[in-house]
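**Q** Got a structure for you, questions after.
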Amino acid sequence: MPAGDTQSSDTTTAAPTTITPTEIIHVDQRVVACDGGDGPLGHPRVYLRIPDREVMCPYCSRLFVVNEGVGPADGH
């Protein structure tokens with residue numbers, strides 16, 4: 001950049017967006033498989049690890065919530 005030129009930077013930040021789950025599924029395990037649930041209209045099967053309490057599928061926004069009393073992940 002030549003001397004004397006200034007570059008303005010955009011200091012505004014967008015508010016974080018909240019994704020509304022398409023479905024909430026309660027599970028008894030810490031690793032779940034999701035394929036979108038619509039047969040051929042679904043998405044590729046992905047396996048999601050639930051480290052804390054819940055995880056959302058990045059494809060279809062299904063929210064998987066671990067039921068109370070489920071132990072910690074077994075390391076697999």
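The values are calculated or read from the model by the stated rules, or taken from the named source; none is laboratory data. The shown structure was predicted, so the numbers you read here are calculated from the model rather than taken from an experiment. Accessible surface areas use protein heavy atoms only, side chains included; no ligands, DNA or RNA. Shrake-Rupley method; radii C 1.70, N 1.55, O 1.52, S 1.80 Å.
**Q** At 1.4 Å probe size, what's the solvent-accessible area of Arg45? Round to the nearest 10 Å².
**A** 150
**Q** Here's another thing I want to ask about it. Using just the alpha carbons, could you tell me how many Å³ per residue the convex hull of region 26-76 encloses?
**A** Dividing the Cα hull volume of region 26-76 by its residues yields 72 Å³.
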